[in-house]
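The values are calculated or read from the model by the stated rules, or taken from the named source; none is laboratory data. What you see is a predicted model, and the numbers here were worked out from it, not measured in a lab. Backbone-built Cβ (ideal geometry, glycine too); neighbour counts: all protein chains shown. Heads up: the accessible areas ignore ligands, DNA and RNA and are worked out on the full protein's heavy atoms, side chains in. Shrake-Rupley method; radii C 1.70, N 1.55, O 1.52, S 1.80 Å.
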Amino acid sequence: MTDQSLETIVAGVRCREVLADLSDYLDGALAPARVGELQAHLAECSNCARFGGRVARTLAMLRQVSAHDERDVVDSVMTRILAGS
C-alpha cells in the first residue's frame with residue numbers, strides 16, 4: 001500500500017488506523033466497539049483485508065512453533081512470504 005492509499009477512509013476508518021490496530025485486533029485486545037469498526041472496514045477494503053489475512057496467517061504459523069523447530073519454521077515462513085501465500 002502506498003502512503004496515499006493509507007489515508008483512504010472506508011466505513012469511517014482510515015487504512016492507516018486499521019494497520020495501527022491490526023496486531024491488537026488479531027490478539028483480541030480491542031474494545032468491542034473498535035472491533036466492529038475494524039470489521040466494517042475490513043469487509044469493504046480489499047487492500048486491508050488482504051494484508052490483514054496475510055498477517056493473520058503468518059501469526060498462526062508462528063504460534064505453532066516449538067523451540068527446537070525454530071530454524072525450520074523460519075525457513076518455511078520466509079519461503080511462504082516470498083511466494084506470496
(message) What is the percent carbon and sulfur in the accessible area of the chain, measuring with a 1.4 Å probe over the protein chains and ignoring ligands?
(response) 54 percent
(message) Quick check on the chain: helices-only [θ] at 222 nm, where DSSP H runs of length 4 and up contribute -39,500 (n - 2.57) each and the sum goes over total residues. Nearest 500, please.
(response) -22000 deg cm²/dmol
(message) Net charge around residue 38, counting only other residues with Cβ within less than 9 Å of its Cβ (Lys, Arg = +1; Asp, Glu = -1)?
(response) -2
(message) Could you report the chain's accessible area per residue, 1.4 Å probe, as an integer in Å²?
(response) 67 Å²
(request) Let me know the volume per residue of the alpha-carbon convex hull for the range 23-85, in Å³. (result) 75 Å³
